[in-house]
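The values are calculated or read from the model by the stated rules, or taken from the named source; none is laboratory data. Predicted model only: the values in this text are computed from it and were never measured. Here the Cβ positions follow ideal geometry from the backbone for every residue, glycine too, while neighbour counts run over all protein chains shown. Ligands, DNA and RNA are excluded from the accessible area calculation, which covers all protein heavy atoms including side chains. Shrake-Rupley method; radii C 1.70, N 1.55, O 1.52, S 1.80 Å.
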Amino acid sequence: MAQASGIDPLVDMEDDRPKWDNKLQYLLSCIGFAVGLGNIWRFPYLCQTYGGGAFLIPYFIALVFEGIPLFYIELAIGQRLRRGSIGVWRTISPYLGGVGLGCFSVSFLVSLYYNTVLLWVLWYFLNSFQYPLPWSTCPLDLNRTGFVRECQSSGTVSYYWYRQTLNISSDIGNTGTIQWKLFLCLVACWATVYLCVIRGIESTGKAIYFTALFPYVVLTIFLVRGLTLPGATEGLTYLFTPNMKILQNPRVWLDAATQIFFSLSLAFGGHIAFASYNPPRNNCEKDAVTIALVNSMTSLYASITIFSIMGFKATNDYGRCLDRNILSLINEFDFPELSISRDEYPEVLMYLNATQADRLAQLPLKTCHLEDFLDKSASGPGLAFIVFTEAVLHMPGASVWSVLFFGMLFTLGLSSMFGNMESVITPLFDLGILPRSVPKEAMTGMVCLVCFISAICFTLQSGSYWLEIFDSFAASLNLIIFAFMEVVGVIYVYGMKRNISPQERRSSTRAGCRSPVYSCPSCPHCGSHQLLWLICCTSTDGDRRIHIWKVV
Amino acid sequence: MLWPLFFLVTTIHAELCHPDAENAFKVRLSIRTALGDKAYVWDTDEEYLFRAMVAFSMRKVPNRETTEISHVLLCNVTQRVSFWFVVTDPSKNHTLPAAEVQSAIRMNRNRINSAFFLDDNTLEFLKIPATLAPPTDASVPVWIIVFGVIFCIVVVAITLLVLSGIRQRRRNNKGPLGVEDAEDKCENIITIENGIPCDPLDTKGGHINDGFLTEDERLTPL
């Protein structure tokens, strides 16, 4: 008689597979992977462009009908089959192994250029430890009679970003030389990533406590600081006021679906990898809902902070615009100093227009409207490296805020990098590419070394153009196709009725077992509709490609 | 008798110093912006000090050591506080060239600014560009220092982790040597039930895909 085993055979399967120390590490790792730079600099921009509070409606609908079910599928198959992305899809069907290989390749490419964004963040972080901040003034020209011409025409912050950081060349054909400052930062970034993933989830599990929680601390500090700045309420009211008519534009719904999809980092294989280290009895349905909701709440929280600081910046810029005009008037007409306040300015202007219009016409007066400054939105690196750095210059204690902000961005990006690296490393381990005698540290070291050498091209002068190419073409359409194949694979190949959620296996209500696809009967339709729409839109409107690292 | 002389002097003054005169410079002060509550009122005494500072600056120019305060003429003082000034030669017939005055002011800009508690932005000499202060370059840029600190910490941590991993591996290799012998003995025993070896399900044709087995199928029911 065969030995009747009272032990759950799922536990027997791979005893030596690494495990999470506790549930919190797993949750924080998934949250850290999902919450990335896109929550800070993509979601507020979308909210602002698509009618403020009204954008939340398509966003939450997309979350419920597309985000959570897809996420649940990934966690469930990872936890049930206990393998990385390549192994999971090979297990479901040998013909679907390509999906896993595709996820693996996309993760590799994304981690290359995602870390490049981190190296820019690190560069700004390192340069924030001085006062005054280096992007507050232009450098002097050779005669020391004035500032560098390029800087005067573009503005100090843009000059610092494009010239002193990137030293950008004129176009992508003109590669230029490797920027040694960025190269050093690249070394530091990959060394930090290696330090954190050196032993797989043993080491990331420890690092994630800091990298996942620190951004929330900083966001709270910034929220408190932002709400106490003058002009914050104007920013919040203007940017959150809902404009319901915008919902008639189909582009809004597509962008909401896209934002949810990329924000949750679906179809990378990272969540599959994380879930594969879970105990088989884990309640992955609750995890999926929790993590997806935390991700969305973080986006909202971050947008309140960002909007209050943007409101402050807009009010500041508006005040300075008025002050410049007032100074021109005072200097031209020799009024006493400080004789015209900002409120009196319109009346004085009217009076002068009536009495001395010809002298007034020669002055370089600009029209200042608060709404114009509030409308200046930015997303992606423009928000962080140009708009926010300028806002920080006007806050008292600029260096501290700059250090905190870029430190937060760095830890946000680092926790997303852990997910990317895990989705590269876990399949390599499961495939057994290298013999077992090779220690894990050597394997992760080799992966990081290969990634580092490949990423050197982004430190060239034309590096940011290459990054745009990678970002536009490496991941966006591919991930949606992979997600579609995932849904098709799980529903039709693996079987809708097969029990994926292990906790219901022994329950008495067998008939009531729910596979994740029951919770979203429209899931494959969502996926296919989005896929078709995206192909149609990207082919006709070339400018509106989705940039992954701005969204993830 | 004195009145005609007075009128003559005033007329000459007006001819030499008026807005946009030859070799004249416009000066603009922003005292309240610079000093706030501690701002002083601009009166004739302050004008006297200004003329003294300009005369002092001119005295530093070679060949102009005999410049007196009376050679500096001020006119068109407005409420803004802005005015025009010229520097005349000792005969008071014509004004000194603008280039000389400009270089003299530029050399002593600091002294003039500090006499009035102002700086280059609040005491403006229109058409005389200020020499900007050289940037305070630290000998080692700050970012390299911070980078060095972070990088050293990361490298030390990596080295420690790698070494501890190597040490643990060596300990594991030495430890379970006793356990491995016992396992070898176990594998040699093949269970035989009813004359049939109990490993019929091993990989002899076909391959079991664990992913598709449910729990019930794995164990044959009793």
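Every test in (1) surrounded by fewer than 15 Cβ atoms within 10 Å (Cβ to Cβ); (2) without any contact (Cβ under 8 Å) to a residue 60 or more places away in the chain is passed by A:Tyr162 save one, and that test is (1).
Listed by first and then second residue, the pairs linking a residue in segment B:17-46 that is over 19 Å from B:Leu74 (Cα atoms) to a residue that is in a strand (DSSP E or B), with Cβ atoms under 9 Å apart and 6 or more places separating them unless they lie on different chains, are B:Ala34/B:Leu123. Determine if segment B:85-98 includes at least one residue that is touching a Phe, Trp or Tyr at 6+ places or on another chain (Cβ under 8 Å) and without any contact (Cβ under 8 Å) to a residue 12 or more places away in the chain. Checked segment B:85-98: no residue is touching a Phe, Trp or Tyr at 6+ places or on another chain (Cβ under 8 Å) and without any contact (Cβ under 8 Å) to a residue 12 or more places away in the chain. I'm trying to understand the selection: among the residues of segment A:425-451, which are among the basic types (Lys, Arg), within 11 Å of chain B (Cβ to nearest Cβ) and without any contact (Cβ under 8 Å) to a residue 40 or more places away in the chain? Within segment A:425-451, none qualify.
Would it be correct to say that A:Gln130 is touching a Pro at 6+ places or on another chain (Cβ under 9 Å) and touching a residue at least 40 places away in the same chain (Cβ under 8 Å)? It is true that A:Gln130 is touching a Pro at 6+ places or on another chain (Cβ under 9 Å) and touching a residue at least 40 places away in the same chain (Cβ under 8 Å). Counted as qualifying within segment A:128-209 are the helices (runs of 4 or more DSSP H) with 3 or more residues that are away from chain B (no Cβ under 14 Å), namely A:149-154, A:156-159.
May I ask you to list the residues in segment A:446-469 that are under 30 Å from B:Val162 (Cβ atoms), aromatic (Phe, Trp, Tyr) and open to solvent by 20 Å² or more (accessible area, probe 1.4 Å)?
Going residue by residue through segment A:446-469, those that are under 30 Å from B:Val162 (Cβ atoms) are A:446-459.
Those still in the list that are aromatic (Phe, Trp, Tyr) too: A:452, A:458.
Result: A:Phe452, single match.
Counted as qualifying within segment A:235-352 are the helices (runs of 4 or more DSSP H) with 2 or more residues that are acidic (Asp, Glu), namely A:284-333.
Among all positions in segment A:281-292, there is no residue which is open to solvent by less than 10 Å² (accessible area, probe 1.4 Å) and within 14 Å of another protein chain (Cβ to nearest Cβ). Scanning segment A:174-204 for residues that are β-branched (Val, Ile, Thr), within 21 Å of A:Asn420 (Cβ to Cβ) and open to solvent by 10 Å² or more (accessible area, probe 1.4 Å) yields a count of 2.
So that you can scan it fast, the table gives a plain yes or no per residue for (1) among the basic types (Lys, Arg); (2) open to solvent by less than 20 Å² (accessible area, probe 1.4 Å); (3) assigned to a loop (DSSP other than H, G, I, E, B):
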{"site": "A:Phe55", "(1), (2), (3)": "no, yes, no"}
{"site": "A:Phe71", "(1), (2), (3)": "no, yes, no"}
{"site": "A:Glu74", "(1), (2), (3)": "no, yes, no"}
{"site": "A:Gly78", "(1), (2), (3)": "no, yes, no"}
{"site": "A:Arg90", "(1), (2), (3)": "yes, no, no"}
{"site": "A:Tyr95", "(1), (2), (3)": "no, no, no"}
{"site": "A:Gly100", "(1), (2), (3)": "no, yes, no"}
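Looking only at segment B:1-21, decide whether some residue is open to solvent by less than 70 Å² (accessible area, probe 1.4 Å), at pLDDT 85 or above and more than 13 Å from chain A (Cβ to nearest Cβ). No, that holds for no residue. Checking B:Ser103, B:Ser91, B:Ser114 one by one, the residue that is farther than 28 Å from A:Tyr131 by Cα, assigned to a helix (DSSP H, G or I) and of a type outside the set (Phe, Trp, Tyr) is B:Ser103 and no other. Filtering A:Ser29, A:Ser85 for residues that are buried (at least 24 other Cβ atoms within 10 Å of the Cβ), at pLDDT below 90 and of a type in the set (Gly, Ala, Ser) leaves a single hit, A:Ser85. A:Leu300 meets the conditions (1) among the aliphatic types (A, V, I, L, M); (2) at pLDDT 90 or above; (3) in contact with a Ser or Thr (Cβ under 8 Å, 6 or more places away or on another chain) in every case but one. The failed one is (3). Answer yes or no: is there a residue in segment A:213-220 that is away from chain B (no Cβ under 14 Å), outside any helix (DSSP H, G or I) and without any contact (Cβ under 8 Å) to a residue 12 or more places away in the chain. Scanning segment A:213-220 turns up no residue that is away from chain B (no Cβ under 14 Å), outside any helix (DSSP H, G or I) and without any contact (Cβ under 8 Å) to a residue 12 or more places away in the chain.
B:Pro129 fulfils the conditions (1) touching a strand residue (DSSP E or B) at 6+ places or on another chain (Cβ under 9 Å); (2) modelled with pLDDT under 85; (3) within 14 Å of another protein chain (Cβ to nearest Cβ) except for a single criterion, (1).
Here A:Ala257, A:Ala314 are screened, and the one residue that is farther than 30 Å from A:Leu365 by Cβ and either within 14 Å of chain B (Cβ to nearest Cβ) or of a type in the set (A, V, I, L, M) (or both) is A:Ala257. Pairing each residue of segment A:320-345 that is within 11 Å of another protein chain (Cβ to nearest Cβ) and under 15 Å from B:Ala34 (Cβ atoms) with any residue that is part of a helix (DSSP H, G or I) and open to solvent by 50 Å² or more (accessible area, probe 1.4 Å), provided the two are 6+ apart or on different chains, yields C-beta distances under 9 Å for A:Pro336/B:Arg32; A:Glu337/B:Arg32; A:Glu337/B:Thr33; A:Leu338/B:Arg32; A:Leu338/B:Thr33.
Scanning segment B:151-173 for residues that are more than 7 Å from chain A (Cβ to nearest Cβ), within 19 Å of A:Arg436 (Cα to Cα) and not polar (S, T, N, Q) yields B:Leu163, B:Ile166, B:Arg167, B:Arg170, B:Arg171. Taken together, A:Thr389, A:Thr355, A:Thr367 contain a single residue that is loosely packed, with under 11 Cβ neighbours inside 10 Å, of a type outside the set (Lys, Arg) and closer than 30 Å to A:Thr305 by Cα, which is A:Thr367. Residue count for segment A:225-262 satisfying the condition of being hydroxyl-bearing (Ser, Thr, Tyr) and surrounded by fewer than 17 Cβ atoms within 10 Å (Cβ to Cβ): 4.
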